[in-house]
Structures are given as structure tokens and as C-alpha cells.
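Undergrad: Got a structure for you, written out below as C-alpha cells; questions coming shortly.
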């Protein structure tokens, strides 16, 4: 299994990426004008109180020192204290990870469950009415903005049909599945079309391949050729595309989380940027970066597993 | 109906979770709001999202009375004030307890008030510097010595920051007290899932009999306005606050929902930088006033749900002067005043917070109105966090802003907005009229109510004459609840009287 040895050294390659991300975020957030202490305390606070907050959170120190301090803490597993929430950053962030993770996985699973049958049906008889319908769906799905689609789904499923809650996260795994169905559906209505188009095109291209003609000549049933060989060979580009899109989705949860009031990282990111809560922004960015890296890592593993010829 | 396949799945979900809610007598009141709280330590915040939760968890020595003309007993059952008006003696009720069951004694009061005055990050500490000494001679008595007589002192003690907290718990939890607080109010802190909800439960040790009525209050974060309203209509929450003005009428037509437009102390205004010529000329400032059709702004931006502001002390608040000089919408007059001031081709910049719809709309209307009198107005959108810096540093001509009162006494707002001899620089307008400043100082020390009223009437009249800023409008709170929710009310000071709220399903 030497083809999988990259699993061992890949994490080491990732370290510089994370450090790079942390430096860039650190500088970018600090570049936004606006004093965190003033935003926190508002107009009514005295300059004294503002100076005190700046001192307490080390905001009066040079930028380089602040970064060094941040890294030193990070290496000790300390994320510092949030200026807005007056609580350890870790305690603020940790509650937010699960909802975002749950939503992302749910959305991706729904997307795949939706995309694979649709693409298979469409490519089975290119140009048929089924194919046409799938293509209309994928074009429409890509074009619908999430904030609008979200409200429409709520009106239909929550207000008219009363099947799913309007928003929220619920308690317990089954309740999460129930609460997050609409947000996950919103994700998949945007994501599935991308996958459908890609998978359908790849399937059609594969159907033209020589090996398909050879198998047909041998008398293999069409269904076996389609599902057993063509489908499997078409998966690699789609898996890679899925990886790219999940990375994009991690950033895109912001909109969906706020429409559906999911208490996840995306919402925390927005409020922390508005409040100039530098350390929380840092922490969430690092989480997002780690998430993207993990997704790509996972895609690499799947790719290698799917195609014996690929090496990393 | 291609969504039919979802019906069985959804119905199964609904069956599994819909029936699970079995609550006790008083029920749970779920309130949706647009943002989460930041901290629940009363001295470290000035955010409404914090204050409105704190108000129902904490008790103070005194509270604002119902008609907002003064204070009423809360933890203190009575108090005496010395001849020279510098010694206040408070007598606590017997058998007071915090929500964790521990005794609330005079030493907790001493600790809480000293902390409020002395902690450097305490946001409203300047209001309490007048306290020279706080003592607890026995368990039920608190004696406060003031440096000098102070008229606003009693109403200051009713502010959320002056909540009485348990000394040992605050000391033990330190910085974490704000995420895990204990108080002596009608409700007890239960849990806080950040970004999701804060759960408060009935405080069994609350000192007022028969309150609160509901067993539990949940403050849910529903940031998106549409979602919050849909959730209310779907019956998933019992009340929603911060209804956009554009949605008020639609909700008023929903038979299941009641809309509460409770009066507030909010006043929206245009700050004017008096250090930027020609805005230092009162004629130019008056010309701006005459050029603005405030009724038009209220109709367009607030959908009519507001009234023209006439003074910086809002209508309905203590010592509001109903007869200040008026500046009617009169573009001709505005042009004439500009002529007299010798101002031509004036270009001004107005700072607005990006993403704030109300401000953007108002700014565009102002732009059109000022154009009619020959003033070019450039709208500068800044990221909300940046606007403070710009205003504090005085790098602006005009800016849209608002104020809500924390205490009923007008001293706090007068000191901040028209005094001009402190760091606030008259809300950073740099307005300074020595006569007004003298009156503001006098207003703090004169204790006779009628004389004080005259002083504040005079302050309002003079400041309005000087056009320290432009008063735009007073607007109400916009909350909505289901018909089965009774007594869901917000006082003008912003406090939800949830201890009186009932659910009658």
C-alpha cells in the first residue's frame, strides 16, 4: 500500500500553509479600520475605560509583538481571550464547530444523493426528456440565491406544510437532522447541479470510449457496462470537483447559517469581524483553513483508492 | 407536487419531536431577537442585547417607577436622605436571596457598587464617581456618602449596571462571571449556547410574590429578519423583537399576532461638526434644519411609525420641554439663511454605517432635500465599527446617529450631548456654549424638582436655538407576539417586564 504513504507526510506539508494563513489573517483583520475597544464600549465610555481595554487585551502593543504573543499562546494550546465575549476564545468557538460540521456533511450527503441518480438518469439517454428536465434543474439550481431560496423553502415546508421547523438547530442528533434539513436542502440545491453537470458530461464522454465498445462487442449487458464500469470511471473528476466545492461551501455557510439561524462558525465569523474580535477571527479562520485542508486530503485518499494508477 | 416524497419523512420527524414538549404550569416564553448577547456582567456592557437579558436576571436597590417619574423600592424597601443631601441610608428587605439560594446582604451591595465605581473597564463608572463611600453597618443597612449633593444619583442607582451581585460568586468566577452569572432578579440564569440561545428559568427566591408568571424564558438568536418573522408566524417562537418598520403593517393584519409599538427613549439625530466651517455659523446650521422635511423622512423610512423630534430630551422622558424653538420645513428660508451667511456652493459629507438600511435611506433623502437649497451632500458609507473612530476624532461634517437613555434623569444625556467640557465633546459635535455648560452643572446639584425642570427646559431651549445637532425623530420599539401571550411589554427604558408576562394557550 505504498501509494498511500502520502497520508503520513502530508500533514507536515500542511504546517507552512497554516502558518501562512494565520499571518495573512492577522494582518488583514488588523488592517480594517476601527478600534475594538471603542466598538465594544460604545460612545458612552470614557477614554480611560477604552485605554484600559486596549491594555488588557494587548491592543496597545506593536503588531509584530501581538502576533508573536498570539503564536506563543497557540503553541501552548491557548487561543487567548475574546474581547467581545470576555471569555476564552476556545469556549466561544468550540460550541460552534458541531453545527457547522453537521450542516456541511448533511448538505454534502444530500447533494450526492440527489446528484448521482439525476446524472445517471440524464446520461443514460442523452437528449431524452429526462435529460432535458435534469438540465433545466441544474441550470435553475445554480442560479438561485441561497437567501431567497431559503425563505421560499421555509414558506413552503414550514409555514404551508408544517413539516420542518423554520430555523434553529434542535437538541440531539435526530432533532438536528430534522432542523437542518431545509438548510442542507438549500446547500444541495446549489451544489447538486454543479455535480450533476460534471458527472453527466463525464459519463457521456466515457460512453464514447473504446472500452465501452469492446464490452458491448463482448455482449455485456448495457446496464452492467453503465453502472459497473462507466460510472466508476467517471467518479474521479466529480469527487475532485466536490472537494473544491466543499472548500467553497465552508466559506459559504455564512449566508445559510444566518438565514436559518444555525449557531455555527459562519455566524460567529461575521459578528467577530464586525466587532474586531481579532483572536476569534483568527481562531475561526484557522478552523476553516484546517477544514479545507482536511477535505482536500480526504479527496486525495478517495482518488487514490478509486484509481490504481494514481500516485500522490 | 414533486415534493410529495418528503411528506412521510417530514411527518415522522414532526411526530418524533413535536410531541416531546411537555412543560410545567407557567410554560416557556421563547423570544426571537436579531443578535446574541456578548457578556452578562452588568458593569462591562452598554449593549442592548446584553442589557435586555440582564434586566430580567438582576435586581437593584431601586427601580424606575411605572410612570417613569422617579424610582420605586426594589431590594431596598425604603431609604432616608440626610439634611445636606449627601448621605443616603438604604434599608434592605428581610430575607433577600440570590438565585443560587445564598443570602443577599448589605455587604454584597457595598461590593457591587464599589466594583461599579472602581473597576477601570466599568462602562458607566463616571456616573458613580460621586459616591465617596459605601458602607454596610449591618446586614440590612447600606449607607452611601456622596461628595456633593447629586440630583440624578437615585435614578442612576436604577440603571442595569448598578445590579446587586453576590460578592463571593463574582470573586470566585472572576472573568467568567459574565458567562455564568448569578443575580437576584425574577429569572435565574440556566444555560447559554452561544449564537443560539440563552435560557433563564424562574427564580424561586425572587423577592416579589407571584412573579414571574412563566417558568422559563428563552432568548433565541434569529439574526435574519424574515426568518424571525416566519418563525413567529409558524408558532415556533412566542414573540419576536426588532420587527423592521416595513413589516409592521403586514404583521398587524395577521390575526394570530399582536404588534407592540411601545414608546421608547430613542431619538435619532444628525450630528453636526461645529469645528468644520461654515458649520460653525449658527445660520448655516439653521438653514440645514429648514431644508429637511422630517415628516417626509418619517413617512418614507419609518413607514409613518414615528414622530418629529423637537428636543434632545425625548417626549415622555423626565423634563422634556415641549416648547423649544421649531424649524419648519421651509427651503426658501434655508436659502435665505445661507445667503445671509454668505455661503455658496457648499459641499458636505455625511457619515453613515454601511449595511444600515434606515441610515442609507435617510441619507439619500437628505441628499435630495439639501440639493433643493443648493447644498451638495456626499454620502460616505463606512463599515459600522469604523464610524466611531471617525466621529470621535471629528473627521466628519454630518453623521447619522441615535441615543437611547439608560437612566430616567436627563443629566446623563445632557452631560454627554450638550455639556461640551468633557471627553464626549457634546457627542463629538464639538458644540460648546458656556452658558449651557453652566446650566448642566447646576442641573446636577439643584435638588428642587421644579427648579430643576426650569433648568433643563432652559438647556433644551438654548441648545435647540444653537442647533447643537438636528433632531430627526422619536421612534417606538417594534415587537410582536402571539395573541396568547399577555403583558408582553417593553418600558421606554428598554426593559421587558417579563416577570408580568403570561402564556395563555
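The values are calculated or read from the model by the stated rules, or taken from the named source; none is laboratory data. As the structure is a prediction and not an experimental result, all values here were calculated from the model. Quick reminder, even Gly has a Cβ in these numbers, built from the backbone with ideal geometry, and neighbours come from all protein chains shown.
Undergrad: Would you call residue A:199 within 30 Å of residue A:228 (Cα to Cα), modelled with pLDDT of 90 or more and within 11 Å of chain B (Cβ to nearest Cβ)? Reasoning before the result, please.
TA: Numbers: within 30 Å of residue A:228 (Cα to Cα): yes; modelled with pLDDT of 90 or more: yes; within 11 Å of chain B (Cβ to nearest Cβ): no.
Spelling it out, it is not the case that residue A:199 is within 30 Å of residue A:228 (Cα to Cα), modelled with pLDDT of 90 or more and within 11 Å of chain B (Cβ to nearest Cβ).
Undergrad: Oh, and also: Quick check: is even one residue across the range B:462-469 out of contact with any strand residue (DSSP E or B) (no Cβ under 9 Å at 6 or more places or on another chain), within 19 Å of residue B:286 (Cβ to Cβ) and buried (at least 19 other Cβ atoms within 10 Å of the Cβ)? Spell out the reasoning first.
TA: Of the range B:462-469, the ones out of contact with any strand residue (DSSP E or B) (no Cβ under 9 Å at 6 or more places or on another chain) are B:462, B:465-466.
Narrowing further to those that are within 19 Å of residue B:286 (Cβ to Cβ): B:462, B:465-466.
Within this subset, residues satisfying the condition of being buried (at least 19 other Cβ atoms within 10 Å of the Cβ) are B:466.
Yes: one or more hits.
Undergrad: Mind listing whichever residues of the range A:39-74 are within 14 Å of chain B (Cβ to nearest Cβ), in a helix (DSSP H, G or I) and either under 26 Å from the mean Cα position of the chain (by Cα) or under 12 Å from residue B:121 (Cα atoms) (or both)?
TA: A:40, A:41, A:47, A:48, A:49, A:50, A:51, A:52, A:53, A:54, A:55, A:56
Undergrad: Which ones in the range A:93-130 are outside any loop (DSSP other than H, G, I, E, B), free of Cβ contacts under 8 Å to residues at least 24 places away in the same chain and either crowded, with 21+ Cβ neighbours inside 10 Å or in contact with a helix residue (DSSP H, G or I) (Cβ under 7 Å, 6 or more places away or on another chain) (or both)?
TA: Once the filter is applied, which keeps residues that are outside any loop (DSSP other than H, G, I, E, B), free of Cβ contacts under 8 Å to residues at least 24 places away in the same chain and either crowded, with 21+ Cβ neighbours inside 10 Å or in contact with a helix residue (DSSP H, G or I) (Cβ under 7 Å, 6 or more places away or on another chain) (or both), the range A:93-130 yields A:121, A:130.
Undergrad: Still on this structure, please answer the following. Among the listed residues A:125, A:232, identify the single one that is more than 23 Å from residue A:107 (Cβ to Cβ), at pLDDT below 90, away from every other protein chain (no Cβ under 14 Å) and within 29 Å of the chain's Cα centre (by Cα).
TA: Working: A:125 fails: within 29 Å of the chain's Cα centre (by Cα).
Answer to the check: A:232.
Undergrad: If a residue has to be at the interface with chain A (Cβ under 10 Å from one of its Cβ atoms) and either modelled with pLDDT of 90 or more or surrounded by fewer than 17 Cβ atoms within 10 Å (Cβ to Cβ) (or both) to count, how many in the range B:9-29 make the cut? Steps first, please.
TA: First, pick out the residues of the range B:9-29 that are at the interface with chain A (Cβ under 10 Å from one of its Cβ atoms): B:9-14, B:16-18, B:20.
Within this subset, residues satisfying the condition of being either modelled with pLDDT of 90 or more or surrounded by fewer than 17 Cβ atoms within 10 Å (Cβ to Cβ) (or both) are B:9, B:11-12, B:14, B:16, B:18, B:20.
So the answer is 7.
Undergrad: Now for a different question. Evaluate the following for residue A:82: is it closer than 20 Å to residue B:38 by Cα, within 12 Å of another protein chain (Cβ to nearest Cβ), at pLDDT 85 or above and buried (at least 21 other Cβ atoms within 10 Å of the Cβ)? Outline the logic, then answer.
TA: Numbers: closer than 20 Å to residue B:38 by Cα: yes; within 12 Å of another protein chain (Cβ to nearest Cβ): yes; at pLDDT 85 or above: yes; buried (at least 21 other Cβ atoms within 10 Å of the Cβ): yes.
It is true that residue A:82 is closer than 20 Å to residue B:38 by Cα, within 12 Å of another protein chain (Cβ to nearest Cβ), at pLDDT 85 or above and buried (at least 21 other Cβ atoms within 10 Å of the Cβ).
Undergrad: Inspect the range B:118-133 for any residue being touching a helix residue (DSSP H, G or I) at 6+ places or on another chain (Cβ under 9 Å), buried (at least 23 other Cβ atoms within 10 Å of the Cβ) and part of a strand (DSSP E or B) and give the result as yes or no.
TA: no
Table: residues versus (1) buried (at least 18 other Cβ atoms within 10 Å of the Cβ); (2) at negative phi; (3) assigned by TED's automatic domain parsing to the domain that holds residue A:64.
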residue: A:7; (1), (2), (3): no, yes, no
residue: A:10; (1), (2), (3): no, yes, no
residue: A:23; (1), (2), (3): no, yes, yes
residue: A:27; (1), (2), (3): no, yes, yes
residue: A:38; (1), (2), (3): yes, yes, yes
residue: A:42; (1), (2), (3): no, no, yes
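Undergrad: Kindly provide the set of residues from the range B:43-77 that are touching a helix residue (DSSP H, G or I) at 6+ places or on another chain (Cβ under 6 Å), away from every other protein chain (no Cβ under 12 Å) and not in a loop (DSSP other than H, G, I, E, B), ordered by number.
TA: B:54, B:71
Undergrad: Among the listed residues B:128, B:90, identify the single one that is within 14 Å of another protein chain (Cβ to nearest Cβ), more than 23 Å from residue B:187 (Cβ to Cβ) and at pLDDT 95 or above. Break it down stepwise before answering.
TA: Numbers: B:90 fails: within 14 Å of another protein chain (Cβ to nearest Cβ).
Answer to the check: B:128.
Undergrad: Still on this structure, please answer the following. Determine whether the range B:33-41 contains at least one residue that is within 14 Å of chain A (Cβ to nearest Cβ), modelled with pLDDT of 95 or more and assigned to a loop (DSSP other than H, G, I, E, B).
TA: yes
Undergrad: If residue A:120 meets every condition in (1) at pLDDT 90 or above; (2) under 24 Å from residue A:27 (Cβ atoms) apart from one, which number is that one?
TA: It fails just one condition, (2).
Undergrad: Looking only at the range A:14-38, how many residues end up being under 31 Å from the mean Cα position of the chain (by Cα) and touching a residue at least 40 places away in the same chain (Cβ under 8 Å)?
TA: To start, the set of residues in the range A:14-38 that are under 31 Å from the mean Cα position of the chain (by Cα) comprises A:14-36.
If we keep only those that are touching a residue at least 40 places away in the same chain (Cβ under 8 Å) as well, we get A:14, A:17-18, A:21-23, A:25-26, A:29-30, A:32, A:34-36.
Looking only at that region, the number is 14.
Undergrad: Might you check whether a residue that is in contact (Cβ under 8 Å) with a residue 40 or more places away in the chain, facing another protein chain (nearest Cβ under 10 Å), buried (at least 18 other Cβ atoms within 10 Å of the Cβ) and touching a strand residue (DSSP E or B) at 6+ places or on another chain (Cβ under 7 Å) occurs anywhere in the range B:233-241?
TA: Yes; the residues of the range B:233-241 include at least one that is in contact (Cβ under 8 Å) with a residue 40 or more places away in the chain, facing another protein chain (nearest Cβ under 10 Å), buried (at least 18 other Cβ atoms within 10 Å of the Cβ) and touching a strand residue (DSSP E or B) at 6+ places or on another chain (Cβ under 7 Å).
Undergrad: Quick one: is residue A:140 away from chain B (no Cβ under 12 Å) and surrounded by 20 or more Cβ atoms within 10 Å (Cβ to Cβ)?
TA: Answer is no for this residue.
Undergrad: Six or more apart or on different chains, Cβ under 6 Å: which pairs go from a residue in the range B:215-230 that's in contact (Cβ under 8 Å) with a residue 12 or more places away in the chain and more than 7 Å from chain A (Cβ to nearest Cβ) to one that's assigned to a loop (DSSP other than H, G, I, E, B) and surrounded by 24 or more Cβ atoms within 10 Å (Cβ to Cβ)? Could you list them?
TA: Sorted first by the residue in the range B:215-230, then by its partner, the pairs are B:228/B:222.
Undergrad: Please tell me if residue B:156 is more than 14 Å from chain A (Cβ to nearest Cβ) and closer than 28 Å to residue B:83 by Cα. Don't jump to the end; show me each part of the working.
TA: Working: more than 14 Å from chain A (Cβ to nearest Cβ): no; closer than 28 Å to residue B:83 by Cα: yes.
Here the answer is no, as residue B:156 does not meet what is asked.
Undergrad: Right, something else. Would it be correct to say that residue B:269 is under 19 Å from the mean Cα position of the chain (by Cα) and surrounded by fewer than 21 Cβ atoms within 10 Å (Cβ to Cβ)?
TA: Details: under 19 Å from the mean Cα position of the chain (by Cα): yes; surrounded by fewer than 21 Cβ atoms within 10 Å (Cβ to Cβ): no.
Spelling it out, it is not the case that residue B:269 is under 19 Å from the mean Cα position of the chain (by Cα) and surrounded by fewer than 21 Cβ atoms within 10 Å (Cβ to Cβ).
Undergrad: Could I ask something else about it? Identify, from the list B:54, B:92, the residue that is in contact with a strand residue (DSSP E or B) (Cβ under 8 Å, 6 or more places away or on another chain) and buried (at least 16 other Cβ atoms within 10 Å of the Cβ).
TA: Working: B:54 fails: in contact with a strand residue (DSSP E or B) (Cβ under 8 Å, 6 or more places away or on another chain).
Answer to the selection: B:92.
Yes or no, residue by residue, for (1) within 30 Å of residue A:10 (Cβ to Cβ); (2) surrounded by fewer than 20 Cβ atoms within 10 Å (Cβ to Cβ); (3) modelled with pLDDT of 85 or more; (4) away from chain B (no Cβ under 14 Å):
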{"position": "A:256", "(1), (2), (3), (4)": "yes, no, yes, no"}
{"position": "A:263", "(1), (2), (3), (4)": "no, no, yes, no"}
{"position": "A:279", "(1), (2), (3), (4)": "yes, no, yes, yes"}
{"position": "A:282", "(1), (2), (3), (4)": "yes, no, yes, yes"}
{"position": "A:293", "(1), (2), (3), (4)": "yes, yes, yes, yes"}
{"position": "A:299", "(1), (2), (3), (4)": "yes, yes, yes, yes"}
{"position": "A:306", "(1), (2), (3), (4)": "yes, yes, no, yes"}
{"position": "A:311", "(1), (2), (3), (4)": "yes, yes, no, yes"}
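Undergrad: When residues of the range B:350-378 are filtered for being within 18 Å of residue B:279 (Cβ to Cβ), more than 14 Å from every other protein chain (Cβ to nearest Cβ) and crowded, with 17+ Cβ neighbours inside 10 Å, how many remain?
TA: 10
Undergrad: Within the range A:147-192, restricting attention to residues that are surrounded by fewer than 21 Cβ atoms within 10 Å (Cβ to Cβ) and in contact (Cβ under 8 Å) with a residue 40 or more places away in the chain, which residue is farthest from the other protein chains (Cβ to nearest Cβ)?
TA: This residue is A:149.
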